[in-house]
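Encoded as structure tokens, the structure appears first; notes follow it.
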Amino acid sequence: MSKYNFDKIIDREGTNALKTDALLSRYGSADLIPLWVADMDFLSPPAVSEAIIERAKHGIFGYTCPSQSYYDSIINWVGSRHNWKIEQEWLTFIPGIVKGIAFVIDCFTTKEDKVIIQPPVYHPFRIIPTLHHRPIVDNQLILEAGQYKMDLAGLKKIIDRDCKLLILCNPHNPGGRVWTKQELIDIAEICYDNNILVISDEIHSDLAFTPNKHVPFANVSEKAAQNSITFMAPSKTFNIAGIVSSYSIIPNKELRDKFNKYLESSELEEGHIFAYLAAQAAYEGGGEWLSEAKNYIWNNITFVDEYLKANIPQIKAMIPEASFLVWLDCRELGLPQKELVSLFVDDAKLALNDGVMFGAGGAGYMRMNVGTPRANIEKALDNLKKAIETKQTRS
Ligand SMILES: Cc1ncc(COP(=O)(O)O)c(C=O)c1O
């Protein structure tokens, strides 16, 4: 019997939640089941809310510094959960991982420098460098037996002397891969030898499902440690994205000093009162919640897979090794992307992410967020089934 009620439907409308309150502006209708942006519809761990309420009762919200126990909570979490012994001086608060990517681009590259990404991948990996006028080089992932793997031979081929940065999604969004140690060693080797700095975005790391185990990139080899900037956060893990409490981990002193100086020049490394507090509360008191949430999410994933196999076999779920995002292969429906999106939005009344936004290899796919009560998923899949049946009888 779970201590937490993940089945409970909580109305988020009117709370300025992007997921619900931006439906009209993003999808043209507010009357959709929102299964898009990557936050969950579950209450965050009680430890987080209690710490925030307790602090709010104090009533003075002045300038705040990170406490020793804040740093310890991160060091202990990363050490115990991911077997990576990090030092306090390696850590710096950042106001969000997407912003962190922009800072690295700004700090370490110039306009001539190319940025390598491995699509289909989290769309800001393409959007942010593009907005900073950096050329993007795609090293598309290879789809093999229904799972993605990195194209290491392809990577070696596309590299030229202008490639200066590779952005790695570890674990991968939208495919949910937990990259193996060997894959990461190989990437580290190629990038180090070619003078390409690696950003390892590990925001989904705490959500790996057993038996998969997240491997921190910087911990796989000396080449990885010396040539990378890792970003982590409690935001996906504990559903506190709105609090913004990410951090960078940089073992290499030269890289760290340069990055920290860049941040300090605009006071970007200064967190805020609830960021420090919520991160610490989550890491210290959210462990049990997390294992139950992961259990619930895993059962949702299994449900989606079984439902599709039984009722909509033209759509196949890529079973994620981590996190609450399911990459749906809809290519067998044979619809042009615009019609596919319209089937989901206009006919089935569902708001998912259009696969095309994740770049090369995303056409024919939709990304479904299953961090939501089962009843929402059941309703969504029933809607989809009916919409497809209606479309088929019409044609
Ligand atoms: C891979 C990845 N990185 C970063 C983010 C967003 O991080 P932040 O809110 O800290 O910018 C997300 C959110 O979906 C994500 O999936």
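The values are calculated or read from the model by the stated rules, or taken from the named source; none is laboratory data. Fair warning: this is a prediction, and the values are worked out from it, not measured in the lab. For neighbour counting, all protein chains shown are included, and Cβ atoms are generated from backbone atoms with ideal geometry for every residue, glycine included. In case anyone asks, the SASA skips ligands and DNA or RNA and just uses the protein heavy atoms, side chains included. Shrake-Rupley method; radii C 1.70, N 1.55, O 1.52, S 1.80 Å.
Computed over the Cα atoms of the chain, the ratio of the radius of gyration to the Kirkwood radius (Rg/Rh) comes to 0.96. Do any of 349/391; 164/223; 157/181; 213/261 go past 24 Å between their Cα atoms, and which? 213/261, as the Cα separations exceed 24 Å there. Rounded to the nearest 10 square angstrom, residue 58 shows an accessible area of 120 square angstrom against a 1.4 Å probe. Distance from the alpha carbon centroid of region 2-66 to that of region 132-187 works out to 32 angstrom. The chymotrypsin sites (Phe, Trp or Tyr not before Pro) of region 251-347 include none that meets both conditions, a loop assignment by DSSP and at most 10 other Cβ atoms within 10 Å of the site Cβ. The Cβ shell under 15 Å around residue 46 holds other residues with a net charge of -2, Lys and Arg each +1, Asp and Glu each -1.
Here region 381-395 and region 298-354 have alpha carbon centers that stand 13 Å from each other. Normalised by the number of residues in region 60-284, the average gap of Cα pairs under 8 Å and 6 or more apart makes the relative contact order 26 percent. Structure remark: mean-square fluctuation, Gaussian network model of the chain, C-alpha springs under 10 Å; the largest value among 65, 169, 191 belongs to 65. When the trypsin sites (Lys or Arg not before Pro) in region 111-161 are filtered for DSSP coil states and for at most 11 other beta-carbon atoms within 10 Å of their beta-carbon, the remaining sites are 111, 161. Note on residue 4 and residue 31: the extension gain reaches 6.9 nm, defined as 0.36 nm multiplied by sequence separation minus the Cα-Cα distance. Each Cα pair under 8 Å and six or more residues apart adds its sequence gap; the mean of these over the residue count of the chain is a relative contact order of 23 percent. Here the extension length gained between residue 15 and residue 131 equals 38.8 nm, from 0.36 nm per residue of separation less the Cα-Cα distance.
Compute the relative contact order of region 163-306 as a whole-number percentage, counting only Cα pairs closer than 8 Å that sit 6 or more residues apart in sequence. That works out to 19 percent. Within straight-line reach of residue 385, meaning a Cα separation under 16 Å, sit the following aspartates and glutamates at least 8 residues removed in sequence or on another chain: 305, 306, 329, 332, 339, 346, 347. The charge dipole of region 60-284, taken about the Cα centre with unit charges on the Cβ atoms of Lys, Arg (+1) and Asp, Glu (-1), comes to about 400 debye, rounded to the nearest 20. Report, in whole Å, the centroid distance computed from the Cα atoms of region 209-281 and region 363-377. Region 209-281 and region 363-377 have Cα centres separated by 28 Å. Basic side chains Lys and Arg get +1 at the Cβ, acidic Asp and Glu get -1 at the Cβ, and with that the dipole of the chain about its Cα centre reaches some 580 debye.
Largest accessible area first, the listed residues 53, 203 line up as 53, 203 when surface is computed with a 1.4 Å probe on the assembled protein chains. Put simply, region 60-284 fits an ellipsoid with semi-axes of 27, 20, 16 Å; these come from the alpha carbon gyration tensor as the roots of five times its eigenvalues, largest first. Taking all protein chains as shown and a probe of 1.4 angstrom, residue 81 keeps an accessible surface of around 90 Å². A cut-off under 15 angstrom between Cβ atoms defines the neighbours of residue 23, and their net charge, with Lys, Arg +1 and Asp, Glu -1, is -4. Would you be so kind as to identify which of 90, 175, 265 lies farthest towards the positive end of the dipole of region 60-284, taking Lys and Arg as +1 and Asp and Glu as -1 on Cβ and the Cα centre as origin? Of the candidates, 175 comes out farthest on the positive side.
The Rg/Rh ratio for region 1-106 is 1.03, where Rg is the radius of gyration of the alpha carbons and Rh is the Kirkwood radius. In a reduced charge model with +1 at each Lys and Arg Cβ and -1 at each Asp and Glu Cβ, region 111-228 shows a dipole moment near 120 debye about its Cα centre. Looking only at GluC sites (Glu not before Pro) in DSSP loops with at most 13 other Cβ atoms within 10 Å, what is the longest site-free stretch of the chain? Longest run free of exposed loop sites: 113-266. Note on the chain: dipole from Cβ charges, positive end direction compared against 198, 274, 48; the farthest Cα belongs to 198.
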